[in-house]
Structure formats: C-alpha cells, structure tokens
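S.K.: Quick one: structure below, then a few questions.
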Amino acid sequence: MIVDVDTGIDDSLALLYLLAHPRAEILSIASTAGNVPVDQVAANNLAWLDLCKAGDIEVTLGAQTPLLAPLMTTEDTHGPQGIGYAELPVSQRKLSNRNATNAWVELVRERPGQITGLVTGPLTNLAMAIRIEPALPRLLQRLVVMGGAFHHPGNTTPTSEWNIAVDPEAAAEVFAAFAGLPADRLPIVCPLDITETMEMRPDHIARLAERAGSSPAEVIADHHAPTTRSAASNPVIRHFSDAVRFYMEFHRDHDQGFLAHMHDPFAAAVALDPSIVTCRVATVDVELAGTLTRGTTVADWRGMWGREPNAAIATTTDPVRFFDDLIDRVGGMAERLY
Ligand code: BDR
Ligand code: CA
C-alpha cells in the first residue's frame, strides 16, 4: 500500500490499524499538508512509527500547499500538533530522500497492478503524481479515498468535506483521471455520509485498553477537565487516548455528541477489504467556481452529464464489525509491543 495522510487524529488511528494488520504491507507513507502543515504531518507519521516499533517504512514529504488554493489547516479540530492532547517523543527516523509525488510515481511503475493507494488527506500529492504519470490510475490495483459528501452536510462549508475543500483542484484532477476504468478498478470513495456513522465513543477506548492489557481501566469522560491526561500503562493506549479525547471534545463542542468520527480508519478498513462496503458507481466532479459551494463533491448518479463513471461511492457497511476488528487489531498490537 501507499498511504497518503494529513495526520491528524483519525489518520493516526488509520496508521495504527494498518501497522497492526497482517495483510497490510505499507511501502510508503506520504505526508500531505491538511489538518496541520506538512512538516508536522511528517513528524507525526515518524513518531507513530516509533511508538509502534515499526520497521524501516518510508515516510515522504509532500507539497507544502495545495495546487492553487492557499493552505488552510485545522488545529482547532486536531490539536496544535495534529494529534490532540498527545505528546509523542520526537522521532530520530529520517524522512525519505524522495518526495511524496515521486514515491507515488516510482512505486506504481515498479509494481504495476499490485499497489492499493489510500488517501486520507487532501489529494495534492496524488494529483501531482498523475500529472507526471497519467497512467497511474491504471497502474494501481485500487485507490481508496476518504473524502466528499453527497447526500450529507459538509464539515468545512455547508456542502464541502475537509479533504476535498482543502485542495478542490487536486480532487477534481484525480477524479477526472479515473474516468472509464472498469467498475472494479474505480476509486472507492468513502464520503461523510458513511464515515460519520463510525462513531467512536468512550466505551470503545475502554475496550481497546482492555484488549491491550493496559491498566488501570481507561476512562474518558465528558466532565473531565481539559488538563486530564491518560495514565494508561500501555504507551499506545495512553497516547491514542490523549489524542482522541481532544477529538471527542471537538465533536461535543460542535453539537455532535461526546464521540469522534473515525473517517480515516474506516477508509483504511475498506482498503484492506473492499467487501466490507457496498458501493454505487457514479461520475463525481468537484465544484471549483461556486461562490458558496467551492469544494463540494457532486455525483451524477444517472449519467445526466453523459460522462463515464469515475468513482464507486461507499454507501453501506457494518460499523459494529468495523469497530470490533479495529479494537482487536490495534489492541492486540499494543499488547504485543509493550
Ligand atoms: C477528514 O478531514 C480530516 O480532518 C480528517 O482527518 C478526515 O480525513 C474528514 O472530513
Ligand atoms: Ca485525514
């Protein structure tokens, strides 16, 4: 897999999940500017690899800014460093000598038809890679993208989702590049419609800690002061708990309940096993000019534009099964490591 992230609290858990999963072989982690600036994204990626005692996995630096738009970041959602209240030790690992765009291009050329791409941040790096290698969509085995909102309100503007809204031009280029591929090779798009049904609650964290054999029992509560920090004996649990508590407070403060949407870990689960979702094929494009709707994803479900389909949009899944597997895998890894 090539995993392109803007780490990010939920990106962090997506990485932990993939590192924990025996079927995932991560060839390269691309860092994209999004939730926080790209240097911080890269630092977070390296730090999570340390915490998971991962082998030598390449981490590349991506573009500093979107293709055209000025960069927006969202520290109020993900914390000052993108990982909520967690404070991970600074890694001594080195970044790759090649940049994210070149890594995408070189890896898919080396292994045609073998690589799954997973993008859980803005699509900047991938769009730049497709400019260099227009055959990239056909060289990938499959692409999975967390992004967009179709029959669902946006989380950035009333109609736009963050990953698309940060770099709408990049998203539009990527969707266009996949037009005409066979249905089973179209990118699987995981929009807010489905990812906002992945509601992580304090009970999930308690179960995760228990699965890891961490003590004491891990309690995240709505009434805890913001200065509260986890005392979990297991470092993976401790740091992730501190990260996700920030995210739950953010959701609570935006009237969504004391929970956190696990957008990116869900997209990771889809990349690992596309059979967990049912999809509807459509032609997707991105509004680039609207004064109110820039960054909005529009799906033509009925072929009204007369253009070939370019996406398989995930519409239904089983959230309980998703969380059970996530907890078992990440908890099991945490137990093995510490
Ligand atoms: C997406 O936006 C980011 O803030 C999250 O990490 C996720 O990838 C959800 O809209
Ligand atoms: Ca993300």
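Laboratory data are not the source of any read-out in this text; all were calculated from the coordinates shown. Not measured: the values here are computed from a predicted model. Ideal geometry is used to build each Cβ from the backbone, glycine not excepted, and the neighbour counts take in all protein chains shown.
S.K.: Please sort 271-283, 32-44 by packing, taking for each peptide the average over its residues of neighbouring beta carbons within 10 angstrom, highest first.
M.R.: The packing order, highest mean first, is 32-44, 271-283.
S.K.: Taking the Cα of residue 56, stepping 7 Å toward and past its beta carbon, and measuring to each backbone N in the stretch 77-111: which are under 17 Å?
M.R.: Flagged as within label range: 92-98.
S.K.: I'd like the FRET efficiency for residue 102 and residue 152, computed as 1/(1 + (r/R0)^6) with the beta carbon distance as r and R0 of 22 Å, rounded to 0.05.
M.R.: 0.05
S.K.: Follow-up. Between residue 138 and residue 231, with labels modelled 7 Å along Cα→Cβ, what's the label distance in nm to one decimal, could you check?
M.R.: Going from the residue 138 label point to the residue 231 one covers 6.1 nm.
S.K.: Which ³J(HN,Hα) values in Hz, rounded to whole numbers, follow from the phi angles of the stretch 278-284 under the Karplus curve 6.51 cos²θ - 1.76 cosθ + 1.60, where θ = phi - 60° and Gly and Pro get x?
M.R.: With coefficients 6.51, -1.76 and 1.60, one gets 9, 10, 10, 6, 7, 9, 10 Hz.
S.K.: Continuing with the same structure: How far apart, in nm, are two points set 7 Å out from the Cα along the Cα-to-Cβ line at residue 221 and at residue 335?
M.R.: Distance between the two pseudo-spin positions: 2.7 nm.
S.K.: Right, next: What is the gain in length, in nm to one decimal, between residue 111 and residue 75 on full extension, counting 0.36 nm per residue of separation less the C-alpha to C-alpha distance?
M.R.: 9.3 nm
S.K.: I'd like the Karplus ³J(HN,Hα) series for the stretch 126-136: coefficients 6.51, -1.76, 1.60, θ = phi - 60°, whole numbers in Hz, and an x wherever there's a Gly or Pro.
M.R.: Once rounded to whole Hz, the list reads 5, 4, 5, 5, 5, 4, 7, 10, x, 7, 3.
S.K.: Give me the compactness ratio for the stretch 88-229, meaning the Cα radius of gyration over 2.2 N^0.38 Å.
M.R.: Normalised Rg, Cα atoms only: 1.33.
S.K.: Using only helices, what value at 222 nm comes out for the chain when you add -39,500 (n - 2.57) per DSSP H run of length 4 or more and divide by the total residues, to the nearest 500 deg cm²/dmol?
M.R.: Computed ellipticity for the chain at 222 nm equals -11500 deg cm²/dmol.
S.K.: Moving to a separate point now. What list of ³J(HN,Hα) couplings, whole Hz, do you get for the stretch 61-67 from phi and the Karplus terms 6.51, -1.76, 1.60, once you set θ to phi - 60° and write x for glycine and proline?
M.R.: After applying 6.51 cos²θ - 1.76 cosθ + 1.60, I find 9, x, 5, 6, 9, x, 4 Hz.
S.K.: What nm value, rounded to one decimal, do you get for the distance between residue 203 and residue 292 when each label is placed 7 Å out toward the C-beta?
M.R.: Spacing of the two 7 Å Cα→Cβ label points: 4.0 nm.
S.K.: Looking at the stretch 86-141, which GluC sites (Glu not before Pro) are in a loop (DSSP not H, G, I, E or B) and have at most 16 other Cβ atoms within 10 Å?
M.R.: Listed in order of number, the matching sites are 87.
S.K.: Using amide H atoms built 1.01 Å from N in the peptide plane, name the residues 5+ places from residue 313, or on other chains, whose amide H lies under 5 Å from its own.
M.R.: 189, 280, 281, 282
S.K.: Same structure again: For residue 183 and residue 307, calculate 0.36 nm times their separation in residues minus their Cα-Cα distance, and state this gained length in nm to one decimal.
M.R.: 43.2 nm
S.K.: If packing is taken as the average count of other Cβ atoms within 10 Å, what order do 16-28, 156-168 fall into, highest mean first?
M.R.: In decreasing order of mean packing, 16-28, 156-168 become 156-168, 16-28.
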